[in-house]
Amino acid sequence: MPGDPSKSDGQPSDKPLKDIAARTWVPGTWKLGGGGTVWDTIVYDPKLDLLYFGTDNGDPWNQRYRGGKGDNLFLTSIIAVRPETGQYVWHYQLNPGDEWDYSATQPIILADLQIGGRTRQVLMQAPKNGFFYVLDRKTGELLSAKNFVTVNWAKGIDLKTGRPIETPEARYSDTGKNWLGVPGPLGGHSWNPMAFSPKTGLVYIPANEAGFPYQEDLNFKPQPIGLNLGLDLSGGGQDPDYNAQKGQLAGLKGHLLAWDPVAQKTVWQADYPGPANGGVVATGGNLVFQGGYNGTFNAYRADTGQRLWRFDAQAPIMAAPMTYEVDGTQYVAVMTCGGGAYALSAGLPGLKSGMPHQLCRLLVFNLGGQAKLPPIPANLRPPLNPPPQTASPEVVHQGALLFGHYCGICHGGSAVSAGITPDLRYTPLLGSDSFYDVVLGGALKSQGMVSFSKVLTKDQATSIRAYLIQRANDTKAAQAKGEDLTAG
């Protein structure tokens, strides 16, 4: 995408291509940001000698702060180039002028499918925006696109133009109104690998049903630290009331979808208690393996979806399994551990989240395996003993807004951590002035907690501490009633 025209990028010039991109951006946008990173799979086709990759969304997400108009090439695009030279061959843009974090970096699968009575060399992707795309991988022609999860940002994809038929309310930067988008930034499918079985002709997708409140930040100014999205993150998912938070989490779902890429429809699905479940592998023995964020590892019949086996892995599974053979014995291996941006920022319902530990292991299985996991140690979480609340409701409310803007992306919505970073309701720093040494002084920067002194005053840090004290006391009261926002 176009950058500062006064500077060379040090690469061979492809001026016509740069001119094409420049016409889709407001001049000078490079001063603030850009995007379009390539952070997932890159796929090579030896038959056509083409290299394919998908690009990310733009920053800031809010297009108003990227100039307010234009397709913004080459954001959210699938691009084909010659591997020896990098020469551009074709591109297909999924979301022109994206402002929803609808990345097109998700895994790409190449296959030969019977479509319209003839064999087509295709490229398939199930990206964040919730539509399953089938492209001619030689030309980039869009062959079909149907939604595989619930979507409300578009009514469909126009096969003649390739462009989405957007719903007007989805353009929150145009309407100036808050909008609950489905899918949200987690996407209908994120980085977790999907799989294709040539035997069944089906694609197996770790799918998500999870919306997100897109609320424009009308006072946005780029900050030297934190997220610069052009969105107000202080409201969505940050309600300190337990019952309200419980209601927000109830709508989150996850499925393993067996998707027919020719008929563009679901053949079967297996449901999970929440989104962000693991990647998939399909085997020649008519099996599909997938782990769940709820800590289970599952085997399904690839043709019917019948669950044949389940194992309690004691920890979230996000990675894809893999299978291999040694001396005639087939093995299936998978990594356990929670992670990812969604797990950081959300306390997920009914899942192995909210845990004060990470049981990160490599688990290996075969048909004759007899090994057993040791029991999970009891009482891993320290007792909750927060200081009393002395701040006014107004200070607590201000702390809630600041926490949502600066802290929630790592420490969890409503301060409910998934166990990857510290759960701040339990930190002993709430009753100590050492809280300021960490938040403002950077005392734990070697562990990833940098100083926020450039964007927060001491009074603002105090209000955040007051909010955390309130959340800790609310949680303690909920635990006394046999309730707790932390899952697992």
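We did not get these values from a lab; they are worked out from the coordinates using the rules stated. Just so it is clear, the model here is predicted, and its values are computed rather than measured. As a convention, Cβ positions derive from the backbone with ideal geometry for all residues, glycine included, and neighbour counts pool all protein chains shown.
A few points about this structure:
- Counting other Cβ atoms within 10 Å as a rough exposure proxy, the listed residues Cys360, Cys407, Cys337 run Cys360, Cys337, Cys407 from fewest neighbours to most.
- Segment 1-137: relative contact order as a whole-number percent, Cα under 8 Å and 6+ apart: 19 percent
- A Förster radius of 30 Å, combined with the Cβ-Cβ distance separating Gln370 from Val38, puts the computed FRET efficiency at roughly 0.10.
- Peptides 112-123, 394-405 ordered by packing proxy, namely the average of other Cβ atoms within 10 Å per residue, highest first: 394-405, 112-123.
- Sorted ascending by nearby beta carbons within 10 Å, beginning with the fewest, Tyr293, Tyr406, Tyr324, Tyr88 become Tyr324, Tyr88, Tyr406, Tyr293.
- Packing-based ranking of 77-84, 416-423 yields 416-423, 77-84, ordered from highest to lowest mean Cβ neighbour count within 10 Å.
- The charge dipole of segment 54-124, taken about its Cα centre with unit charges on the Cβ atoms of Lys, Arg (+1), Asp and Glu (-1) only, comes to about 260 debye.
- Using the rule -39500 (n - 2.57) for each DSSP H run of four or more residues, divided by the residues of the chain, the 222 nm mean residue ellipticity is -4000 deg cm²/dmol.
- Total charge dipole magnitude, segment 15-314, about the Cα centre, Cβ charges on Lys, Arg, Asp, Glu only, Debye to nearest 20: 600 debye
- Applying a length cut-off of 30 Å (Cα extent along the axis) and a mean Kyte-Doolittle floor of 0.5 to the DSSP H helices of the chain leaves no helix.
- By the beta carbon rule, with partners counted only under 4.7 Å, the chain holds these lone Cys residues: Cys407, Cys410.
- Lys/Arg +1, Asp/Glu -1 at C-beta; the chain dipole; positive extreme among Ile376, Thr336, Phe365: Phe365
- Tensor-based shape of the chain (alpha-carbon gyration tensor, a/c under 1.5 rounded, otherwise prolate or oblate): oblate
- Relative contact order %, segment 15-314, counting alpha carbon pairs below 8 Å whose residues are six or more apart: 12 percent
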